[in-house]
Amino acid sequence: MAGRGEAKRPGPGRPSRLSHELIVSTALECDLTTLTMRELATRLGVSHSALYRWVPDRDGLFDLISAVMVERILPPDTPTPRTWRTWLARLAWAMHDEFLAVPGYAAHVARPHRHNPDSFGRLRERVIAAFVTAGAEPAEAEQSWYVFGLGVVQWLGTSDTNLDLGTARPRFDLYLDTLLRGLPARTPVEHPRPTTPE
């Protein structure tokens, strides 16, 4: 018997027309900004209710998509004290290429919401480990993850929304180079803050 929150599977002897892999591959061919579960069911050639037996809702769909995305973007090798920066650069460029290849995905990830704790937790752990390898203390490595993760995701989310940012499109290569030069995070220099007039 399926536990609470688990998708129901077709009964014995009934050939399955659906799979998580087929659902994700079909969704990745769509504009996720406007994709509805009903439209996805139509594209899959199944009923709305049949799709919900595999994916509980739109958030569940994005959890499945994110699991695939993180698997695609994570470099297979382990960073070393000499390669951690290029390892992070490869990761960031993979995020750039994979996230922006699917309209609406980067914008969704950039919005505050509950991320897939398994896939994004794995991404977080690997990035923190890279900063520890670079010589950062654990607390600084975690703060570096926030700077790196939020920075890259927000840049991609903004690019995905096609906002009018002027005549020159922002260059990801310049942004990433500037970002990585400032990492890992360290205890900041105390900058003067404006005083509040009494």
| note | Taking segment 27-75 and keeping only residues that are part of a helix (DSSP H, G or I) and β-branched (V, I, T), one is left with T42, I65, V68, V70, I73
| Can you find a residue in segment 70-78 that is of a type in the set (S, T, Y) and over 17 Å from G149 (Cβ atoms)? | yes
| query | Taking segment 46-60 on its own, how many of its residues are of a type in the set (F, W, Y) and open to solvent by less than 50 Å² (accessible area, probe 1.4 Å)? | reply | 1
| query | Of R38, R17, R43, which residue is at pLDDT below 95, at negative phi and open to solvent by 70 Å² or more (accessible area, probe 1.4 Å)? | reply | R17
| said: Residues that are open to solvent by less than 70 Å² (accessible area, probe 1.4 Å), under 24 Å from G60 (Cα atoms) and touching a helix residue (DSSP H, G or I) at 6+ places or on another chain (Cβ under 8 Å), at least 2 per element: which helices (runs of 4 or more DSSP H) completely within segment 79-198 meet that? | reply: 84-100, 105-110, 119-133, 138-160
| message | Quick check on my filter: what residues within segment 61-78 are open to solvent by less than 80 Å² (accessible area, probe 1.4 Å) and touching a residue at least 24 places away in the same chain (Cβ under 8 Å)? | response | L61, F62, D63, L64, I65, S66, A67, V68, M69, V70, I73, L74
| task | Answer with yes or no whether T133 is of a type outside the set (F, W, Y), within 20 Å of D97 (Cβ to Cβ), more than 19 Å from the chain's Cα centre (by Cα) and modelled with pLDDT of 95 or more. | result | no
| message | Restricting to segment 41-50, name every residue that is among the hydrophobic types (A, V, I, L, M, F, W, C) and more than 11 Å from L22 (Cβ to Cβ). | response | A41, A50
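The values are calculated or read from the model by the stated rules, or taken from the named source; none is laboratory data. This structure is a prediction, so every number in the text was calculated from the model and none was measured. Quick reminder, even Gly has a Cβ in these numbers, built from the backbone with ideal geometry, and neighbours come from all protein chains shown. These accessible areas exclude ligands, DNA and RNA; they are computed on the full protein's heavy atoms, side chains included. Shrake-Rupley method; radii C 1.70, N 1.55, O 1.52, S 1.80 Å.
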